[in-house]
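Visitor: The structure under discussion is supplied below as structure tokens; questions concerning it will follow.
The values are calculated or read from the model by the stated rules, or taken from the named source; none is laboratory data. Worth saying up front: this structure is predicted, and the values here are computed from it rather than measured. All Cβ positions, glycine included, derive from the backbone under ideal geometry; neighbour counts span all protein chains shown. Each accessible area value is taken on the protein alone, full model and side chains, heavy atoms only, with ligands, DNA and RNA left out. Shrake-Rupley method; radii C 1.70, N 1.55, O 1.52, S 1.80 Å.
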Amino acid sequence: MPIQNNTSAIVPVRLNLPLLIISLAIFAALLVWCGISIFTPSNDWHHGFNHPLEGLDHIVVMLMVGVWAAQMRGNGTWLLPLTFVGNMSIGGLAGVLSLAVPGAEAMILLSGMVMCVLVIRRIRFATWMNLLLVAFFAFFHGYAHGQEIPVSASFTSYAAGFVLATVLLHGTGILIFRLVILSMTSSAGSGLYAQQLDRATTPRAASLPGSPILLSHASPVILQELLITGREDSQLGIADSASQGNIGQEQLRFRPISRLGEVLETVPGLIATQHSGEGKANQFFLRGFNLDHGTDFLTLIDGVPINQLSHAHGQGWTDTNFLIPELIETLEYRKGSHYAEYGDFSSAGAANIRYFNALPNKYFQVYRR
């Protein structure tokens, strides 16, 4: 049957214009607000708001935390900024109380380098480790803010200012990352779409060796006919339940067998272990039963049971290593203990292996192993 595909091989990625306009509007509003705050007459809130914007080290770290949070995606996008702001407030309180924290400026400088490396190299740790790292550096940034609070200023108003400025810088970092990804995706999609149009308008290119062919301009693909054959024996009126059936030579002929006991694995759900050989029976498992070496599974050859009534290794010992799989015509199986015609050793099931009465080709083929 011919299969036609009318879809294009390349789907262009289009720019989400409304999202871009909204994002740019928010970014412009943040810049205007920051500018107004810097040049507005001083008060406690403005002092706190302006303080993070006056130091390049603070701005870089706040932006990098936002970009790193955007790279995390999921909960990390808001957990990292909130952790930074919360621990920065604690650090600010330590600075107001003039607690001795050695190396604060060095840690602020180190935080800028570390955050830049994490963003550029796209390094991620476990969530708790990311939060711990951000909280550690945030404490020193807050400590620096708290130490420079004017004596007459209200800590509440001052802290509200630098917390809001920090949140806006984090948001700006997240927004920058999203805009960069959006522009890169848009540019790549436009390039692919243009390449697709060029190929569509030049049909000669499709005839050149090695040239890619768009599915929308290719001829219908006609698959080769595949013939599947199977063996079908109707069990209607014969089988009493779905737990019985028979296996034929057609199914056995193409089945890889490394141990002759694996012939019984054609019974659905039966497993034969591999530790067997001449004079050593397999161990069998069926329906949750550990059948040992055949204790609970009756095996017959043309109606003759081969389970040994008494054996040093276990009662019901079933050694099937004398079987010749090529001579098996059918294997009839029954699973369960509901069949009156089977007696001893059939508490989990039974299998009756029947040999051919007459060979199809009237001759033997001898192979040497």
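Visitor: Check Val101 against each of (1) in contact (Cβ under 8 Å) with a residue 24 or more places away in the chain; (2) open to solvent by 40 Å² or more (accessible area, probe 1.4 Å) and name the one condition it does not meet.
Guide: The number of the failed condition is (2).
Visitor: Could you check how many residues of the stretch 297-323 are open to solvent by 80 Å² or more (accessible area, probe 1.4 Å) and among the β-branched types (Val, Ile, Thr)?
Guide: 1
Visitor: Go through the stretch 73-91 and report how many residues are open to solvent by 50 Å² or more (accessible area, probe 1.4 Å) and in contact (Cβ under 8 Å) with a residue 24 or more places away in the chain.
Guide: Final tally of qualifying residues: 2.
Visitor: Moving to a separate point now. Name the residues in the stretch 152-203 that are modelled with pLDDT of 65 or more and among the charged types (D, E, K, R), would you?
Guide: Arg178
Visitor: List the pairs whose first member sits in the stretch 167-187 and is open to solvent by less than 70 Å² (accessible area, probe 1.4 Å), whose second member is outside any helix (DSSP H, G or I), and whose Cβ atoms are under 6 Å apart, counting only residues at least 6 apart or on separate chains?
Guide: As it stands, the answer is Thr185/Val13; Ser186/Leu15, since those pairs meet every condition given.
Visitor: Considering (1) open to solvent by 80 Å² or more (accessible area, probe 1.4 Å); (2) farther than 30 Å from Thr229 by Cβ; (3) in contact (Cβ under 8 Å) with a residue 24 or more places away in the chain, say which one Arg259 fails and leave the rest.
Guide: Here Arg259 clears every test but (2).
Visitor: Could you please give the count of residues in the stretch 327-355 that are open to solvent by 60 Å² or more (accessible area, probe 1.4 Å), of a type outside the set (Lys, Arg) and modelled with pLDDT of 85 or more?
Guide: Summing the residues that are open to solvent by 60 Å² or more (accessible area, probe 1.4 Å), of a type outside the set (Lys, Arg) and modelled with pLDDT of 85 or more in the stretch 327-355 gives 1.
Visitor: Follow-up question, since we're still on this one. Working only within the stretch 299-325, note down all residues that are over 18 Å from Leu260 (Cβ atoms) and of a type in the set (A, V, I, L, M).
Guide: Once the filter is applied, which keeps residues that are over 18 Å from Leu260 (Cβ atoms) and of a type in the set (A, V, I, L, M), the stretch 299-325 yields Leu309, Ala312.
Visitor: Please work out if Ile228 is modelled with pLDDT of 70 or more and either part of a loop (DSSP other than H, G, I, E, B) or not aliphatic (A, V, I, L, M) (or both).
Guide: Judged against the criteria, Ile228 is a match.
Visitor: Counting only residues that are in contact with a His (Cβ under 9 Å, 6 or more places away or on another chain) and farther than 20 Å from Thr172 by Cα, give me the helices (runs of 4 or more DSSP H) lying completely in the stretch 52-149 with at least 1 of them.
Guide: 76-96, 104-120, 127-147
Visitor: Here are some conditions: (1) of a type outside the set (S, T, N, Q); (2) surrounded by 15 or more Cβ atoms within 10 Å (Cβ to Cβ); (3) in a loop (DSSP other than H, G, I, E, B). Leu264 meets all but one. Which one does it not meet?
Guide: (3)
Visitor: Going through the stretch 325-338 one residue at a time, which ones are touching a residue at least 24 places away in the same chain (Cβ under 8 Å) and in a loop (DSSP other than H, G, I, E, B)?
Guide: Within the stretch 325-338, Gly336, His338 meet the criteria.
Visitor: Mind checking which residues of the stretch 274-310 are under 35 Å from the mean Cα position of the chain (by Cα), over 18 Å from Pro325 (Cβ atoms) and part of a loop (DSSP other than H, G, I, E, B)?
Guide: Within the stretch 274-310, Arg287, Gly288 meet the criteria.
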